[in-house]
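Asks: The following block contains the structure, expressed as structure tokens.
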Amino acid sequence: MKPSVEIEYCPGCRWLLRAGWTAQELLTTFEKELGAVTLKPSEVGGRFLVTLDGQAVWDRKAEGRFPEMKELKQRIRDRIAPDRDLGHSDTK
């Protein structure tokens with residue numbers, strides 16, 4: 001079974017578009033490795049939490065900011081396909 005990503009976002013903060021764009025980017029990059037990317041409206045204000053099979057990959061409150069897409073892709077890649085080259089997303 002392929003891993004799943006969940007993006008929990010604050011609807012009150014109007015972060016649905018950001019969550020949707022994040023899902024699109026992850027599905028485009030990891031279309032063969034991921035089984036699903038789901039969006040979940042949060043009941044917790046200010047939340048933007050990305051989990052992979054229930055384990056946090058990015059928590060906006062803990063990190064103090066939203067992820068750069070490059071960072072998020074690298075973190076997910078490191079867990080599901082560590083040998084995979086992300087092309088321009090791997091350059092420093």
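Asks: Residue 32: which lysines have alpha carbons under 16 Å from its alpha carbon, excluding same-chain residues fewer than 8 sequence positions away?
Replies: 2, 73
Asks: Once you have a ≥ b ≥ c as the square roots of the Cα gyration tensor eigenvalues for segment 1-56, tell me rounded if a/c is under 1.5, and otherwise prolate or oblate according to whether a/b is larger than b/c. It would help to have the intermediate numbers written out before the result.
Replies: On the way: a/c = 3.17, a/b = 1.68, b/c = 1.89.
It is oblate, given that a/c is not under 1.5 and a/b is not larger than b/c.
Asks: Moving on. Just to confirm the number: angle between the C-alpha axis of helix 69-80 and the first principal axis of the chain, 0 to 90 degrees, nearest 10?
Replies: Rounded to the nearest ten degrees, it is 60.
Asks: Among the lysines, which fall within straight-line cross-link reach of residue 40, defined as a Cα-Cα distance under 18 Å, with same-chain neighbours fewer than 8 residues apart omitted?
Replies: Cross-link targets: 61.
Asks: Only sites in a loop by DSSP and with at most 13 other Cβ atoms within 10 Å count here; which trypsin sites (Lys or Arg not before Pro) in segment 1-50 make the cut?
Replies: Values: sites: 14, 18, 32, 47; in loops: 14, 32, 47.
Here the sparse-neighbourhood loop sites are 14, 32.
Asks: Return the calculated 222 nm mean residue ellipticity for the chain, to the nearest 500 deg cm²/dmol, obtained by summing -39500 (n - 2.57) across DSSP H runs with n ≥ 4 and dividing by the residue count. Don't skip to the answer; put the middle values down first.
Replies: On the way: 3 runs with 30 residues, N = 92.
That comes out to -9500 deg cm²/dmol.
Asks: List the GluC sites (Glu not before Pro) within segment 47-81 that DSSP assigns to loop and that have no more than 15 neighbouring Cβ atoms inside 10 Å. Can you show the working numbers first?
Replies: Details: sites: 63, 68, 71; in loops: 68.
Counting only loop positions with at most 15 other Cβ atoms within 10 Å, the GluC sites (Glu not before Pro) in segment 47-81 are 68.
Each value in this text was obtained by applying a stated rule to the coordinates, not by laboratory testing. In this text, all values refer to a predicted model and were calculated from it rather than measured experimentally. Every residue, glycine among them, receives a Cβ derived from its backbone with ideal geometry; neighbour counts consider all protein chains shown.
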